[in-house]
Amino acid sequence: MTERTLPAPTPTPETEAFWAATRAGKFLVKTCTECQRAHWYPRALCPFCFADATEWREASGKGRIYSFSIMRRAPQPYAIAYVALEEGPMMMTNIVGCDFDRIAIGQPVRVELREAEGGFRVPVFTPG
């Protein structure tokens, strides 16, 4: 089965460093230097303690599927999921490179940076 083309993201000033890192093959997560908690979606203020002391840290790229849905009626079927990252945050993403009927809640996954429209590399996850 052919996988769908991933749409280009819309970078903002808060996410430009993230997209630059994906082009370099790195997966980053914003982390608060006050409370030490990682968060997703990237933002300047910590959503937990509201400190403005956040920084980008390289993430392991590992996680587990928390929930998922298969979009079978799409022209090219695809799987979306919430993945609980090893660092703590939950991230909505795509599951790729597998038989959709074998996806399971709790399944370990790892990040893959896939080519998207506009020359971007977008984080998706594959079993493993």
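The values are calculated or read from the model by the stated rules, or taken from the named source; none is laboratory data. Everything numeric here is computed off the predicted structure, so don't read it as measured data. Cβ coordinates were reconstructed from backbone atoms using ideal geometry, including for glycine residues, and neighbour counts include every protein chain displayed.
Within this structure, Thr126 fails the test of being in a strand (DSSP E or B), crowded, with 18+ Cβ neighbours inside 10 Å and of a type outside the set (A, V, I, L, M).
Scanning the range 8-43 for residues that are touching a residue at least 24 places away in the same chain (Cβ under 8 Å) and of a type in the set (Val, Ile, Thr) returns Thr15, Thr22, Val29, Thr31.
Of the residues making up the range 65-77, one or more are of a type in the set (Val, Ile, Thr), modelled with pLDDT of 95 or more and within 16 Å of the chain's Cα centre (by Cα).
Is the range 31-50 home to any residue that is among the aromatic types (Phe, Trp, Tyr), outside any loop (DSSP other than H, G, I, E, B) and more than 15 Å from Pro123 (Cβ to Cβ)? No. Checking Arg43, Arg57, Arg121, Arg37 one by one, the residue that is among the basic types (Lys, Arg) and within 24 Å of Glu3 (Cα to Cα) is Arg121 and no other. Only a single criterion out of (1) outside any loop (DSSP other than H, G, I, E, B); (2) surrounded by fewer than 15 Cβ atoms within 10 Å (Cβ to Cβ) is not satisfied by Asn94, namely (2).
Residues of the range 4-19 that are surrounded by 13 or more Cβ atoms within 10 Å (Cβ to Cβ) and outside any loop (DSSP other than H, G, I, E, B): Leu6, Ala17, Phe18, Trp19.
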